[in-house]
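Before any comments, here is the structure.
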Amino acid sequence: MVIGEVIGTVVATSKHELLVGSKILVVQVVTPDGSFVEGRQMVAVDTVGAGTGERVILTTGSNAAKACETDRVPVDAAIIGIIDNIDLN
Amino acid sequence: MVIGEVIGTVVATSKHELLVGSKILVVQVVTPDGSFVEGRQMVAVDTVGAGTGERVILTTGSNAAKACETDRVPVDAAIIGIIDNIDLN
Amino acid sequence: MVIGEVIGTVVATSKHELLVGSKILVVQVVTPDGSFVEGRQMVAVDTVGAGTGERVILTTGSNAAKACETDRVPVDAAIIGIIDNIDLN
Amino acid sequence: MVIGEVIGTVVATSKHELLVGSKILVVQVVTPDGSFVEGRQMVAVDTVGAGTGERVILTTGSNAAKACETDRVPVDAAIIGIIDNIDLN
Amino acid sequence: MVIGEVIGTVVATSKHELLVGSKILVVQVVTPDGSFVEGRQMVAVDTVGAGTGERVILTTGSNAAKACETDRVPVDAAIIGIIDNIDLN
């Protein structure tokens, strides 16, 4: 997984039927200390009620669908946690 | 997923039998504000009726097949939504 | 998927049993206008009878196996189409 | 897989139910001689009891779930070994 | 797949139970003409008896497990062939 920060929302009226009703967010990948990683913005399905500005755990690839109500959904990225804190040692 | 802009069409007479009849598009990955990301062009199956110049949601990896009529199709990228708007906060 | 150009052939006597008899090609990833993308050469199973110098559609990841005779084959890249033309708008 | 060094821990109260109870670590990808690879930090589930500063084997993609108690977990990275030594020839 | 050169061995006493007994190698990704690709070293399970200095075919992602004795193993990279020769045209 990677650490992301929610930076926006995608509005798409015409989309795959299994995505209807899903909240689709724009996520900026960040380093553990919160810096934006250039060129790494993704679009992800929200499964935990994340909001703009929150730091999240982003899972990618085919397992992202397992976080959704049905794993038949054709997504490759899902927000699976809201980060309270990162302890770097 | 990533945000893409449809920039062309691929014509391939000789192809895998499960791809016959599919519309195969060239998609340029773009940033949330619409800038082209250098070196990131992909070829994707269209599942939502996207046209040239439209911004789309592009899903990649093995789940892309789930957007097609049969998930036995050997594709790794599919257009699953047409973007109306992106709200960046 | 990505656009590739076939640039060579791999000879490997000792290989996984399910690869015996497969044609294994070296493919250079190219941009839609045909330029070589630096550092992106791949090795792929041919499923459509592609030859050196031809532009092809290359699918990657676990779905590549679906293009083969049996999807139990441990490959991550397959040529699934020979490109006649790319229309860029 | 890649070689990683554990550099921190992620605390996330709100997360996918199948992640509750899992230890989620921040891992820095390193070269075989131990140098940090710039921009490649990941978040992974620990399955072998790894601790901060240890070098680990990190598996990514959908197979990472196979290292967990149930493979229905929506993760894309797992620590599957603690490295004692790397012999470079 | 990519072309790799075996450059070392990983010793890990504490590891996932399905990896016990597997030979785990460090592989440097190389170009078709044998040049090392900077920053691309991987750790892979050997399934064909490859040794240090040999050029190999490396498959990545979830299909890598199909090359192993059981596909329940949580790996994302496997050596599936030893390269005798590459014919570049």
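Being more than 13 Å from A:Ile86 (Cβ to Cβ) and within 16 Å of the chain's Cα centre (by Cα) is the filter; apply it to segment D:7-27 and report the residue that is nearest to the other protein chains (Cβ to nearest Cβ). That would be D:Leu19.
Note on segment E:1-25: residues that are part of a strand (DSSP E or B) and among the hydrophobic types (A, V, I, L, M, F, W, C) amount to 8.
Looking at the structure I just gave you, is C:Ile86 touching a Leu at 6+ places or on another chain (Cβ under 9 Å) and either assigned to a loop (DSSP other than H, G, I, E, B) or not charged (D, E, K, R) (or both)? Criteria not met by C:Ile86. Scan segment D:65-85 residue by residue and report those that are within 7 Å of chain E (Cβ to nearest Cβ), farther than 17 Å from E:Val73 by Cβ and not hydrophobic (A, V, I, L, M, F, W, C). Matches in segment D:65-85: D:Asp84, D:Asn85. On the stretch given as segment E:29-58, residues that are β-branched (Val, Ile, Thr) and either free of Cβ contacts under 8 Å to residues at least 12 places away in the same chain or within 11 Å of chain D (Cβ to nearest Cβ) (or both) total 4. E:Ser62: within 7 Å of chain D (Cβ to nearest Cβ), under 23 Å from D:Val45 (Cα atoms) and hydroxyl-bearing (Ser, Thr, Tyr), yes or no? Considered against the rule, which asks whether it is within 7 Å of chain D (Cβ to nearest Cβ), under 23 Å from D:Val45 (Cα atoms) and hydroxyl-bearing (Ser, Thr, Tyr), E:Ser62 comes out as yes.
Scanning segment C:32-54 for residues being surrounded by 15 or more Cβ atoms within 10 Å (Cβ to Cβ) and either farther than 18 Å from C:Lys66 by Cβ or not small (Gly, Ala, Ser) (or both) gives a total of 11.
Of the residues making up segment C:26-41, those that are in a strand (DSSP E or B) and closer than 10 Å to C:Glu5 by Cα are C:Val26, C:Val27, C:Gln28, C:Val29, C:Val30, C:Phe36, C:Gln41. Residue check: C:Val73 meets all listed conditions (1) under 22 Å from E:Thr70 (Cα atoms); (2) in a strand (DSSP E or B) but one, namely (2). Taken as a whole, the condition of being part of a strand (DSSP E or B) and not charged (D, E, K, R) applies to A:Ala44. Residue pairs whose Cβ atoms lie under 7 Å apart, sitting 6 or more positions apart in sequence or on different chains, and linking a residue in segment C:61-89 that is surrounded by fewer than 23 Cβ atoms within 10 Å (Cβ to Cβ) to a partner that is of a type in the set (Ser, Thr, Tyr) and not in a strand (DSSP E or B), are C:Cys68/C:Thr47; C:Asp84/B:Thr13; C:Asn89/B:Thr52.
Exactly one residue out of A:Thr9, A:Thr13 is touching a strand residue (DSSP E or B) at 6+ places or on another chain (Cβ under 6 Å), surrounded by fewer than 21 Cβ atoms within 10 Å (Cβ to Cβ), hydroxyl-bearing (Ser, Thr, Tyr) and farther than 17 Å from D:Gln41 by Cβ: that is A:Thr9.
All of the numbers you see were taken from the coordinates with simple rules; none came from a lab. The shown structure was predicted, so the numbers you read here are calculated from the model rather than taken from an experiment. Here the Cβ is made from the backbone with ideal geometry for all residues, glycine too, and neighbour counts use every protein chain on show.
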